[in-house]
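A quick write-up on the structure given underneath.
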Amino acid sequence: MIIMNNVIKTRLALIRAGKIPEGYKKGKLGIVPEDWEEINFSELFTSTSEYTDDLEKYPLYSLTIEDGITAKTERYDRSHLVKKENSYKIVRPNDFAYNPMNIRFGAVARHKGEIPVAVSGYYDIFTTVHPGDLTFMDNFLTCGAMITYYNRVSTGSLVEKQRVHFSDFLKFSLPLPPLAERKRIANILSAQDRIIELCERKLEQLKRMKKYYLQNMFPKGGEEYPEIRFKGFTDAWEQRKLGEQYEKVTEKNDLSFGADKIISVANMYFKSDVKQSDDDYMRTYNIMRLGDIAFEGNKSKHFAHGRFVENTIGDGIVSHVFDVFRPIAEYDLLFWKYLINNEGIMGRIMTRCTKASTMMTNLVADDFLAESILIPSIQEQRRIGRFLDELDTIITLHQRKCEEEKKKKKALQQLLLTGIVRINYE
């Protein structure tokens, strides 16, 4: 852990003010320690390009800014378009790959997998001369100072097509800490990576747990009892028509709801950037009150025919393109929030009461209200809703923890890769 003592704080304040602290100098990447010598990248990296067309032996991977070298999804698999033999390059474990055009945005990464893979022949493949440099360079090559530098030295007549050729990359001569210090920096950053990895692993466990409960706390098709129940609840769930639970809303905006009360159905929040104030336009909006559900039938990533979204944020208005349904029977808000987003239940119902067109899928409100669904007593609804909501809260808190650890990683990179903090020098 790095302790921000007064020496470091003063140094950081001077650098932020554009001043050069004692013991530092102005370099190509900004202000760096005086004893950091410029090293030519040809002394640090070497090309390892090998070509192949054997995608059975070398699975096809891609290079993304977000995930580095990762398995190529079917959506982006364009191997069928490649006709020329030996059109792919082999990336072996710990090799680096970079996209000459997108390196300006951080498209350079080390292959952290355990097997060699194939990538586009357009990418440049290289590795470090010093094995101990792998982790340091994994961080250094995508740090903010390097992104700025790539953009400064990239070439091309059109901005959108500017690139950094590998031949130019190897000619870079930039100030770097000595190899021993690079290794110590890498150890610190690797330790933080392990913390992030453990945090994300725990988060995935929590998400799997939630998925398990969602699959087993509601009756499966044709059954009247869920597999998992809270103690004290033994009665069969009762079949009810959705028309006994909800009615279609015909309540239009009477202009008592302003533009700041327009709800984004996709993510359930009040929009903050709405400029529309035309009265006739606003009158077409449906009022959606707390507990109402809206059917989102277009561009859904969830159910094949759209999805339902429950209003958990408060009274507002939604576009007239959404069907809005309001509860008319006793219900638990949290329980219905999870029920209407249960694909195993609502997905089947929507499939039966929707009809497809070339433009979008529309829900027929009367058909929806005529459908039947199994629901428990209000007491059991409350227990299920509260349990799943508490689980969601734990997941949210853990997501925040993971984000905080990632922010710590970025802070460490900023301090260590620029030399603001020197390992064993403070």
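The values are calculated or read from the model by the stated rules, or taken from the named source; none is laboratory data. Just so you know, these numbers come straight off a predicted model, no measurement behind them. Glycine also receives a Cβ, built like all others from the backbone with ideal geometry; neighbour counts cover every protein chain displayed.
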Going residue by residue through the range 163-176, is there one that turns out to be under 27 Å from the mean Cα position of the chain (by Cα) and either at pLDDT 95 or above or more than 26 Å from PRO59 (Cα to Cα) (or both)? yes
Name the one entry in GLY132, GLY113 that is closer than 20 Å to THR48 by Cα, modelled with pLDDT under 95 and in contact with a Lys or Arg (Cβ under 8 Å, 6 or more places away or on another chain). GLY132
Over the range 1-50, the set of residues in a strand (DSSP E or B) and of a type in the set (A, V, I, L, M, F, W, C) is ILE31, VAL32, ILE39, PHE45
Tell me which of these SER256 doesn't satisfy, since it passes every other one: (1) free of Cβ contacts under 8 Å to residues at least 12 places away in the same chain; (2) under 20 Å from PHE368 (Cβ atoms); (3) hydroxyl-bearing (Ser, Thr, Tyr). (2)
Step by step: first the residues of the range 223-260, then only those that are farther than 30 Å from ILE384 by Cα and part of a helix (DSSP H, G or I), then the one that is modelled with the lowest pLDDT. Which residue is that? ALA259
So if I check each of THR142, THR135, which one is at negative phi, polar (S, T, N, Q) and outside any loop (DSSP other than H, G, I, E, B)? THR135
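Table: residues versus (1) within 23 Å of ARG184 (Cβ to Cβ); (2) touching a residue at least 24 places away in the same chain (Cβ under 8 Å); (3) aromatic (Phe, Trp, Tyr).
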position: MET4; (1), (2), (3): yes, no, no
position: VAL32; (1), (2), (3): yes, yes, no
position: ILE39; (1), (2), (3): yes, yes, no
position: GLU50; (1), (2), (3): no, yes, no
position: GLU56; (1), (2), (3): no, no, no
Among the residues of the range 269-295, what is the count of those that are at pLDDT 75 or above, part of a loop (DSSP other than H, G, I, E, B) and small (Gly, Ala, Ser)? 2
